[in-house]
Amino acid sequence: MASRALAAVRVVTKTGIIGGSVYLAYDQGLLGDGEQSCKVLNKASVAVPEALDQWSKYFEVELPELPKPDVPVAEYWNSGIESIVSFLSNAPTKLNEYTETGWQYIKKMTSSTE
């Protein structure tokens with residue numbers, strides 16, 4: 001009984017984290033057009049180093065310098081979003097195909113052993 005409760009807590013926790021992440025991305029404008037996403041990423045590129053600096057001072061830890069990306073994020077951002085959306089839209093069909101293939105394989109293996 002305890003294992004079922006623990007499993008339920010895990011599922012609820014993971015669902016909350018994933019849902020919160022998607023909500024935060026949507027709320028901050030990361031799922032908008034490329035121009036809006038670039039503004040958010042520029043804002044984050046300023047906020048993250050400041051936050052890391054504050055935490056390193058609080059915990060008295062020396063952190064290495066963050067690398068500066070030389071990749072033009074704006075050019076690749078929309079293609080990444082399109083890939084993710086394409087994957088999510090094709091997932092049910094692919095899952096059905098893989099399930100059918102697995103089921104046929106199991107039927108073949110069990111019929112050959114009899």
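The values are calculated or read from the model by the stated rules, or taken from the named source; none is laboratory data. Note that the structure is predicted; figures quoted are calculated from it, not measured. All Cβ positions, glycine included, derive from the backbone under ideal geometry; neighbour counts span all protein chains shown. What goes into the accessible areas is simple: the full protein's heavy atoms, side chains included, and nothing from ligands, DNA or RNA. Shrake-Rupley method; radii C 1.70, N 1.55, O 1.52, S 1.80 Å.
Which label marks the calculated value of Cα extents along the principal axes in Å, given the options [x] 168, 24, 10; [y] 67, 42, 28; [z] 34, 30, 26? Answer by label: [y]. Normalising the average separation of contacting C-alpha pairs (under 8 angstrom, six or more residues apart) by the number of residues puts the relative contact order of the chain at 19 percent.
Excluding ligands, DNA and RNA, the accessible surface per residue across the chain is 90 Å² with a 1.4 Å probe. For the stretch 12-29, the Karplus equation 6.51 cos²θ - 1.76 cosθ + 1.60, evaluated at θ = phi - 60°, returns couplings of 5, 5, 5, 4, x, 5, 5, x, x, 5, 5, 4, 4, 4, 5, 5, 7, x Hz by residue, with Gly and Pro reported as x. Given R0 = 41 Å, the distance between the Cβ atoms of PHE87 and SER112 translates into a calculated FRET efficiency of 0.75. In the chain, a dipole from Cβ-located charges (positive for Lys and Arg, negative for Asp and Glu) runs towards its positive end, and of THR110, TYR58, SER89 it is THR110 whose Cα lies farthest in that direction.
Ranking GLU62, GLU82 by solvent-accessible area of protein heavy atoms (1.4 Å probe, all protein chains present), from largest to smallest, gives GLU62, GLU82.
Each Lys and Arg Cβ is given +1 and each Asp and Glu Cβ -1; about its Cα centre, the stretch 32-114 then shows a dipole of about 360 debye. Per-residue SASA remark: TYR76, around 130 Å² accessible (1.4 Å probe; ligands, DNA and RNA not included). Inter-label distance, LYS68 to ARG4: 5.8 nm, where each label sits 7 Å from its Cα along the C-beta direction. On the chain, 64 percent of the accessible area sits on carbon and sulfur atoms, based on a 1.4 Å probe. Note on LEU63: accessible area approximately 80 square angstrom, rounded to 10, probe 1.4 Å, nucleic acids and ligands left out. Taking all protein chains together, ASP70, ASP53 sort by accessible area into ASP70, ASP53, largest first [probe 1.4 Å].
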